[in-house]
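To start, the structure itself, in structure tokens.
The values are calculated or read from the model by the stated rules, or taken from the named source; none is laboratory data. Because the structure is a prediction, the values reported are computed rather than measured. Cβ coordinates were reconstructed from backbone atoms using ideal geometry, including for glycine residues, and neighbour counts include every protein chain displayed. Heavy atoms of the whole protein, side chains included, go into the accessibility calculation; ligands, DNA and RNA do not. Shrake-Rupley method; radii C 1.70, N 1.55, O 1.52, S 1.80 Å.
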Amino acid sequence: MRKQFIQSKDAVNAKMYKNERTPYRLMIETEQNKMDIRDLFELENDTVFQQLNQHVNSFNVLKILKLENHEIRHSNILSWLLNPKENHSLRDYFLRKVVEHLILIDENSSNPQYEKVSEVLNYSLMDSHVYREVKTNMNRFIDLLIVNEQLKTVFLIENKLYSTESENQLDDYLDYIQHSFEEYTVIPIYLTLDGEEPSNSQYFILTYERIESILNTVLMLYKDQLNDNVHKFIEDYDQVLKERFYPNQNQILQAIDIYRNHKQTIDVLFEETSTSYKELKFESGYHFEFITKYKNTINYIFKHGQNILAYSFENFINQQFNDEVLYKAHPTLPYLLPPEWEAISNIHIKDPYYWFGKGLVVWFEQTKDSRLRMIAEIGPIEYSARLSIIEQLEGVGLSFKKSSKLEKAKYTRFFSKKIDVNKWDDMDELVQAMSELYNSSEFTLIRIQMAAILNGWLPVTDEKINPEVKDNFNQSWISQIQNAFKRWMEAKNIPESNYRVSSKHLSFKIPLFDLYKEKLGETRENWWWDNGPMLFWMEIRPDTLYFTLEIGPIEVDKRVLLMENLQEQGIKFRKTGLTQEAKYNRIHTETVSIQGLNEAELQNTSDNLYNNKNLQEILQKLKVVYDEMVSKLD
């Protein structure tokens, strides 16, 4: 498998760079790690590089303060925006919009307080008071509390940008506030990146995507009414959220293009910025000035330029289809038309620029939580045909919103499924994940049903489905390992958002790792699915599990400081872990046999791996390092 991956990677590199326009080789001196000055001239005079540099380095005071990596600072800004009496001049507009979005989120419609939230909007919210870090009787701190004495209403907001729920945290908060405000209506809100489901069903779901949407509306409607400084501050915060949730696709494409044309130069420059970060170092000359000037842009290009989603998609197409198939290997949204659906070409489409100019499409994308998602969608075809397809799909068991049947509707997703991907730089794993999604029993059935509808046949039943399972080794055995791991996660009260399962790896994080992430920030490169400073992961092998606790590629100065403190605590790792060049450090590993074990025994094996005496001592020392050093970092 490893040899096969290296060969496929080399083949991709050859394809990526066969059109490289640089007419000379990069010259690297082994001792001083310098390159030919012409390579820097070539990069700096690339107009696409300069355009991207302007976008990446646009002035934003909140990015300068590194707000995006600190949950507490987001809470401070939200507190200011939600307070009707603050100096932003928005009065209760932002607070009202947040309440409106609680109603607009479908998942909240079953909340027992849903109608009471609607009633709140019949009144002014100007008399609301906002409090930060409210201490409970359990010595915990509620992020945001909004009290309106006139309406006898309290909004409790728990903000989880990077961290996750602690045990009984939401229950304790709600219990404390309900006892403190016995005559009030308490509306608890769970604010997360992606709408994570709270452990307590009484909490309303709210996402940062909704917060960004409100900010965008504020900037449009209040442009002439806001103080220039206030408008600029909100604009900067909106930009921070946009970059987190809606990465600029044009900029990503620019980064990929630059990386293809200047791969060797970018690789060397990135390595230099990585090893010299925050060093007390000064050199005269163009080379040093170049790195100083373009450091952020180099990092951006390196991060996005290595995108292999498109190349994995091409491999998937080659493996999946023997005949011709309509597809496009887009860098971030590769898409295809399943051959069974070719009859859609006979139906007129209103928008000729929609994907292939046909009324159906299937595409893959990386989700915000670093999973791979496949989506199937009906496009803007003529209304009578569109309504007929939707109603026939309902007849075979699919469900649609009422709005999908309206004539003004243009796009309707009728299938969406996600799968875990642990290694986004592993082409084999991406191809495997695409194949699993496309050949899943659910989507295979839908492909046949859609083909039957388009060709005028009777809808088929799931009895006709018998998809071929393709795996490196026995799928039922892998499923047994995966199920055992999921049950173990449930037993340890680790939410689904804090672990990932794939055909090759199992991985998870604990609350301590989120505390580290809040202080140390995300890794400099995409690392697993969390981009946090540390992670537990297991590699599934035919007869064994390889269990690891690993430190990821966080900012160089912070990583070296962390590793020095770990060494002082007696945690052992390779000496290279203290060097600036090191990126990954495994501080605990163990291999255990799983041959012939049943699901209960597999679950017990995971428990034994985690409860290993040496590992538990390491976790205790990590807690000490956090309390004594990391928690004090600004």
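Scoring 443-453, 287-297 by mean Cβ neighbours within 10 Å over their residues and listing the highest first yields 443-453, 287-297.
Take the Cα of residue 317, step 7 Å toward its Cβ, do the same at residue 292, and the gap between the two points is 4.6 nm. Per-residue extension of 0.36 nm, minus the Cα-Cα distance of residue 590 and residue 126, leaves a gain of 161.2 nm for this segment.
Once the Cα-Cα distance is subtracted from the 0.36 nm per residue extended length, the residue 391 to residue 417 segment shows a gain of 7.2 nm.
Toward the positive end of the charge dipole of the chain, about the Cα centre and with charges on Cβ (Lys, Arg +1; Asp, Glu -1), which of 266, 216, 87 goes farthest? Farthest towards the positive end: 266.
Stokes-Einstein diffusion for region 468-617, with the hydrodynamic radius set to the Kirkwood value over Cα pairs and evaluated at 4 °C in a medium of 1.567 mPa s, equals 79 µm²/s.
Ordered from longest to shortest, the equivalent ellipsoid semi-axes for region 126-169 are 23, 12, 9 Å, each the square root of 5 times a Cα gyration tensor eigenvalue. When the GluC sites (Glu not before Pro) in region 385-448 are filtered for DSSP coil states and for at most 12 other beta-carbon atoms within 10 Å of their beta-carbon, the remaining sites are 407. Got a sec? Which residues in region 132-157 would a label at residue 85 touch, if it sits 7 Å along Cα→Cβ and we count backbone N under 15 Å? Counting backbone N atoms under 15 Å from the label point, the list is 132, 145-151. Shown here are the Rg and Dmax of the Cα trace of region 546-634, at 15.4, 50 Å.
Taking 19 Å as the limit for the C-alpha separation, the pairs 368/418; 63/295; 519/632; 160/517; 423/509; 583/632 exceed it in the case of 583/632.
Restricting the calculation to Cα atoms, every distinct pair contributes to the Kirkwood radius of region 97-208, found to be 14.2 Å. Each pair of Cα atoms in region 306-365 enters the Kirkwood radius, and Stokes-Einstein at 4 °C and 1.567 mPa s then converts it into a translational diffusion coefficient of 106 µm²/s. Farthest towards the positive end of the charge dipole of region 342-389, among the residues 384, 343, 363, is the Cα of 363, using unit charges on the Cβ of Lys, Arg, Asp and Glu.
Each other residue within a Cβ distance under 11 Å of residue 124 adds +1 if Lys or Arg and -1 if Asp or Glu, for a net charge of 0.
Put simply, the C-alpha atoms of the chain give a gyration tensor, and the ellipsoid matching it has half-axes of 37, 36, 30 Å, longest first. Highest mean first, the peptides 39-52, 415-428 sorted by other C-beta atoms within 10 Å per residue fall in the order 415-428, 39-52. Surface analysis of region 389-460 yields an accessible area of 48 Å² per residue, using protein heavy atoms and a 1.4 Å probe. Report, to the nearest whole %, how much of the accessible area of region 119-245 belongs to carbon and sulfur atoms, 1.4 Å probe, protein only. Answer for region 119-245: carbon and sulfur cover 41 percent of the accessible area.
By how many nm would the segment from residue 228 to residue 403 lengthen if fully extended, with 0.36 nm per residue of separation less the alpha-carbon distance?
Additional length available on full extension: 59.0 nm.
For region 613-626, backbone phi angles converted through the Karplus equation (6.51, -1.76, 1.60; θ = phi - 60°) give residue-by-residue couplings of 4, 4, 5, 5, 5, 4, 5, 5, 5, 5, 5, 5, 4, 5 Hz, Gly and Pro being listed as x. Summing Cβ point charges (Lys, Arg +1; Asp, Glu -1) relative to the Cα centre of region 484-634 gives a dipole of roughly 200 debye.
Residue 343 to residue 600: FRET efficiency via 1/(1 + (r/R0)^6), r the Cβ-Cβ distance, R0 56 Å, to the nearest 0.05?
Calculated transfer efficiency: 0.70.
How large is the charge dipole for the chain, taken about the Cα centre, if only the Cβ atoms of Lys, Arg (+1) and Asp, Glu (-1) carry charge, to the nearest 20 debye?
With Lys and Arg at +1 and Asp and Glu at -1, about 800 debye.
First obtain the Kirkwood hydrodynamic radius of region 91-159 from its Cα pairs, then insert it into the Stokes-Einstein equation at 25 °C and 0.890 mPa s, and state the resulting D in µm² per second as a whole number.
In µm²/s, the coefficient is 188.
Summarising the overall dimensions of region 163-238 from its C-alpha atoms, the Rg and Dmax are 16.7, 46 angstrom. Each other residue within a Cβ distance under 12 Å of residue 321 adds +1 if Lys or Arg and -1 if Asp or Glu, for a net charge of -4.
Shape annotation for region 37-146: C-alpha extents along the principal axes are 67, 34, 30 Å, from largest to smallest.
Please report, largest first and rounded to whole Å, the three semi-axes of the ellipsoid equivalent to region 353-399, where each semi-axis is the square root of five times an eigenvalue of the C-alpha gyration tensor.
So the equivalent ellipsoid measures 24, 16, 6 Å along its semi-axes.
The calculated 222 nm mean residue ellipticity attributable to helices in the chain amounts to -14000 deg cm²/dmol, summing -39500 (n - 2.57) over DSSP H runs of n ≥ 4 and dividing by all residues.
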